[in-house]
1. Read phi for every residue in the range 76-91 and hand back ³J(HN,Hα) as whole Hz from Karplus 6.51 cos²θ - 1.76 cosθ + 1.60, θ = phi - 60°, with x for Gly and Pro.
2. According to the Kirkwood expression over distinct Cα-Cα pairs, how big is the hydrodynamic radius of the range 1-97, in Å?
3. Using label points projected 7 Å from each Cα along Cα→Cβ, tell me how many nm separate MET240 and GLU119, to one decimal.
4. Which percent, to the nearest 5, of DSSP beta bridges fully inside the chain are antiparallel?
5. Two-decimal Rg/Rh of the chain from alpha-carbon positions, Kirkwood Rh?
6. Cα-Cα over 28 Å: which of LYS231/LYS361; LYS23/LYS352; LYS125/LYS204; LYS125/LYS160; LYS23/LYS277; LYS205/LYS352?
7. Mind pulling the per residue volume of the convex hull built on the Cα atoms of the range 202-272? Å³ is fine.
8. So, R0 is 25 Å and r is the distance between the beta-carbons of GLN312 and ASP375; what FRET efficiency does that work out to, to 0.05?
Amino acid sequence: MYPHLPRSAHFTAEHEAFRATVKRFVDKELLPHVDAWDEAESFPRALYGRAAELGLLGLGFPEEFGGTTGDLFHEIAMIEELSRTGCGGLMASLFSHTIGAPPILAGGSAELKARVLPEILSGRKISALAVTEPSGGSDVANLKTRAERDGDFYIVNGSKTFITSGMRADYITLAVRTGGAGAGGVSALLMPADTPGLNRTPLKKMGWWCSDTAQIHFDNCRVPVANLLGKENRGFDIFMRNFNHERLALALQAYGFACVCLDEASDWARERITFGKHLVEHQVVRHKLVAMATQIEATRALLEDLAARLQQGQQPVAQICMLKNFATQTMQFCADSAVQILGGMGFMRGTKSERIYREVKVYMIGGGAEEVLNDLAARQLGWV
Ligand SMILES: Cc1cc2nc3c(=O)[nH]c(=O)nc-3n(C[C@H](O)[C@H](O)[C@H](O)COP(=O)(O)OP(=O)(O)OC[C@H]3O[C@@H](n4cnc5c(N)ncnc54)[C@H](O)[C@@H]3O)c2cc1C
């Protein structure tokens, strides 16, 4: 798989051993099945337990809750390998706890964390994050789902939409309004999905077929006050911190999928013959491959630089926004170029480039649309 260069100095023998574990899992247990799972719009629930056994679900979470020690370079190695499936939907649902569980870790009581996190990190229970609402997802500070205090409970009313793992999730990490208008009225709540009054409807999508996506409606749902994550009306910061990691992870996947497109296109260009020579011998085609590789190299450099900065404790929020936008543009450029080089075959189901081409938009919209991230970067840089 691209890149052909030796791994950078950030990757130690330990990272490479972890990569080898993930690679075996991808080759033996995912690649033979992903196409069928995506067509079936689902994958076996048992896969959560298997990914947990290998330490994938717990990566970066504390060991006391069933987590696995690892840093951002373990995560890069893991996502590079998982991207070889070319199946964004599998990654979105299998890892929906990476957006659902961190708010529990950040703001849950000791009792809640000890009870819920081991269930999620062992793959026995599925976690989802529900922030986006039918009235809009970009303007999080303006969300409308209300939670009114009633003794030891909150009564929740409202709706969330486009929620990954929304149908299968056992726990829903929910953004609600407990106070007045704006960011200062937002709280984070953990709602068990079997709460009476919670109803969910599956949504059909352009891509990410094997990932379940749901609209969820809350009709007088009672949630114990003990399930509050962090302090009342202080949830906004928890969700914003969560977004930083989500954006980095989406950028990582976008980078991985760009590499998959380049691999598929370069293999095809060296095999396929038109006008008496291999495609790669047409200058225009090989230049296209180099343009893809150039975008990928630049994305990788930015990605590894930012990962190293985050590990040193820096919080380069503007640069994370730039990385997510740059990586998803790289994915878009590579998917478009790969489908063009594959010709009619690139339009056929079964090539990875076809699926990646269909899935690029969710990376450019989800976790913060491109325009919203550019605005956030401008604010972070002090320009507005
Ligand atoms: C497959 C899928 C899975 C998802 N999973 C989850 C999940 O698990 N949990 C969750 O909470 N959400 C999830 N989302 C929601 C996602 O995060 C939102 O779609 C995204 O934040 C954008 O919100 P919106 O769709 O309501 O678009 P809107 O907020 O209505 O914006 C529409 C468009 O307007 C433009 N726009 C918006 N604001 C501005 C601005 N200030 N300046 C310029 N242009 C602007 C952008 O182009 C944007 O795409 C998912 C979405 C999809 C498609």
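1. Whole-Hz 3J(HN,Hα) from phi for the range 76-91: 4, 4, 5, 6, 4, 5, 5, 4, 4, 5, x, 10, x, x, 4, 5.
2. After inverting the mean inverse Cα-Cα distance, the result is 14.1 Å.
3. So the two model labels end up 3.2 nm from each other.
4. Details: 31 of 38 bridges.
Of all bridge pairs located within the chain, approximately 80 percent are antiparallel.
5. 0.98
6. Going by Cα-Cα distance, LYS231/LYS361; LYS23/LYS277 fall outside the 28 Å limit.
7. Hull volume normalised by residue count: 139 Å³.
8. Between GLN312 and ASP375 the formula returns 0.40.
The values are calculated or read from the model by the stated rules, or taken from the named source; none is laboratory data. What you are looking at is a predicted structure, and each value in this text was computed from that prediction instead of being measured. Cβ sites come from the backbone with ideal geometry, for glycine too, and all protein chains shown count toward neighbours. Heavy atoms of the whole protein, side chains included, go into the accessibility calculation; ligands, DNA and RNA do not. Shrake-Rupley method; radii C 1.70, N 1.55, O 1.52, S 1.80 Å.
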